[in-house]
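The values are calculated or read from the model by the stated rules, or taken from the named source; none is laboratory data. Source: prediction; values computed, not measured. Cβ sites come from the backbone with ideal geometry, for glycine too, and all protein chains shown count toward neighbours. What goes into the accessible areas is simple: the full protein's heavy atoms, side chains included, and nothing from ligands, DNA or RNA. Shrake-Rupley method; radii C 1.70, N 1.55, O 1.52, S 1.80 Å.
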Amino acid sequence: MSNKYLIGFDIGGTKIGIGLGTVDGKILQSERIDNKNTDPDKILPLLAEIAGKQIAAENISHKDVLAFGISTPSPADIPNGIITTPPNNPYWRNVPIKSYLENALQIKGCFENDANCAALAEWYFGAGKGCKDMIYLTMSTGIGAGIIAGGKLIQGTGFLAGETGHAVLVPGGRQCNCGLKGCWEAYCGGRAIAQRMQAELAGQADNIMLKYAKDGLLENLDMLSLENAARDGVEYAVKLWDEMCLRDAQAFGMLMNIFNPGKIVLGTIAYAAGDFFMEPVKKYLPDFAWKETLEACEIVPSMLKREIGSYAGIAGALYELKQQGIL
C-alpha cells in the first residue's frame with residue numbers, strides 16, 4: 001500500500017502543518033507555516049501551493065493522491081468542511097477550507113476535529129497502536145480529546161465529542177476563551193495560562209517572573225516561562241504549576257472513570273516537561289479515579305511528538321477512507 005498517497009493539513013492556533021505521506025504512515029514531505037494573527041484568505045492559497053510543491057517533489061501527480069485530510073480546531077462544521085469559530089484563533093471565522101482545497105488541488109477532501117485526527121495518528125502510527133480503547137489529549141494552546149472506543153472514533157451527534165477542554169471543573173470559575181466559566185482549558189490550556197499570568201502580573205515591572213519571558217516583556221510570558229520559573233522554585237510559578245497539575249489530574253480521573261481506557265496519550269506538555277509534569281499529576285490522580293480504572297490505564301506521552309502535525313490530517317483521511325471502504 002506504500003504507493004498510495006495522502007496529504008494532511010493540520011490547522012493549529014499558531015502553526016499549520018502540511019505533509020505528504022503514504023497510507024502506511026511514511027511521511028515523505030512536511031512543512032510548517034505560521035498561523036498567528038493571519039488572514040485565512042492569504043493562508044489558503046499558500047496551503048494549496050505548498051501541497052502542490054510537495055507532490056511535485058515526489059515526482060507524482062495529483063491523481064496519485066487518494067485524498068487530503070484537514071485536522072481542524074473546533075467548533076467546526078464537520079459535514080461541510082467549514083472552520084467556524086475556533087476560540088484560540090479569532091481570525092478564522094466561517095472558512096470553507098475543504099471546498100477551497102478540493103477545488104484548488106482537484107483531490108478528494110476529508111475534514112475532522114484536530115484532537116480526533118491526533119488520536120487517529122497515535123492509534124495508527126504511534127503510542128496507541130493496537131489499543132482498542134484509548135484517549136489522546138491535546139495539551140498545548142488548548143485542550144481537547146480524541147476518543148477511540150471499541151476500535152471506533154467517537155464523533156458525537158453534532159461531531160463535537162471530545163471537547164473535554166470545555167468540561168467545567170469549577171462552576172463559576174475562571175473565564176474561558178470559549179465563553180463558559182471554569183473550563184478545564186481555562187486552568188490548564190497554554191493560551192489561558194499565558195493570559196492569566198499576564199493579567200495577574202500586569203503593572204509589576206520588577207516581578208521576577210518577567211526574567212523568564214522573552215525580552216523581559218509581560219506579553220511574552222507563556223507556558224515555557226511558567227515551567228522554567230517553577231523549575232527554579234519561583235513561588236508564584238510553583239503554585240500555579242501545581243494548581244495546573246491538580247486540575248489536569250482531576251480531568252484525567254474523570255475520563256478514566258467515564259471511558260475506562262487502556263491508554264491515555266498526552267500531547268505537548270507531557271513530552272516537553274517530562275516527569276516535572278507527569279509526577280505531580282500522577283500523585284494527584286488517586287484523588288479522582290477509582291483504583292481499578294487507574295490500574296487499567298497507562299498514561300504515556302505522545303510517540304509522534306512534534307511530528308504529529310505531519311500525521312494528523314493524513315490519519316484523518318485514512319480513517320474516513322477506511323470507513324467508506326475505499327481502503
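Per the listing 234, 238, the residue uniquely among the hydrophobic types (A, V, I, L, M, F, W, C), open to solvent by less than 20 Å² (accessible area, probe 1.4 Å) and farther than 24 Å from residue 13 by Cα is 234.
So, residue 218, is that one more than 20 Å from the chain's Cα centre (by Cα) and touching a residue at least 40 places away in the same chain (Cβ under 8 Å) or not? So residue 218 does not fit the description; no.
Here the condition is being open to solvent by less than 20 Å² (accessible area, probe 1.4 Å), at positive phi and small (Gly, Ala, Ser); of 25, 8, 69, 21, it holds for 25 alone. Taking the condition within 24 Å of residue 115 (Cα to Cα), touching a residue at least 12 places away in the same chain (Cβ under 8 Å) and assigned to a helix (DSSP H, G or I), does residue 161 pass? Criteria not met by residue 161.
Looking only at residues of region 167-197 that are open to solvent by 40 Å² or more (accessible area, probe 1.4 Å) and in a helix (DSSP H, G or I), we find that the one that is modelled with the highest pLDDT is 195. Please work out if residue 74 is in a loop (DSSP other than H, G, I, E, B) and either without any contact (Cβ under 8 Å) to a residue 12 or more places away in the chain or polar (S, T, N, Q) (or both). For residue 74, the condition - in a loop (DSSP other than H, G, I, E, B) and either without any contact (Cβ under 8 Å) to a residue 12 or more places away in the chain or polar (S, T, N, Q) (or both) - is met.
From 282, 239, grab the single residue that is at pLDDT 95 or above, in a helix (DSSP H, G or I) and within 23 Å of residue 304 (Cα to Cα). First the steps, then the outcome.
Values: 239 fails: within 23 Å of residue 304 (Cα to Cα).
The match here is 282.
Here the condition is being open to solvent by 30 Å² or more (accessible area, probe 1.4 Å), acidic (Asp, Glu), in contact with a helix residue (DSSP H, G or I) (Cβ under 9 Å, 6 or more places away or on another chain) and over 30 Å from residue 150 (Cα atoms); of 279, 200, 227, it holds for 200 alone.
Within the bounds of region 227-246, is there any residue that is in contact with a Pro (Cβ under 6 Å, 6 or more places away or on another chain) and among the hydrophobic types (A, V, I, L, M, F, W, C)?
The initial filter retains those residues of region 227-246 that are in contact with a Pro (Cβ under 6 Å, 6 or more places away or on another chain), namely 245.
Now drop any that are not among the hydrophobic types (A, V, I, L, M, F, W, C), which leaves 245.
Within region 227-246, one or more residues are in contact with a Pro (Cβ under 6 Å, 6 or more places away or on another chain) and among the hydrophobic types (A, V, I, L, M, F, W, C).
Say whether the condition of being surrounded by fewer than 15 Cβ atoms within 10 Å (Cβ to Cβ) and farther than 17 Å from residue 136 by Cβ is met by at least one residue in region 297-312. No, there is no match, as no residue in region 297-312 is surrounded by fewer than 15 Cβ atoms within 10 Å (Cβ to Cβ) and farther than 17 Å from residue 136 by Cβ. Within region 107-147, the only residue that satisfies the criterion of being open to solvent by less than 40 Å² (accessible area, probe 1.4 Å) and without any contact (Cβ under 8 Å) to a residue 40 or more places away in the chain is 146.
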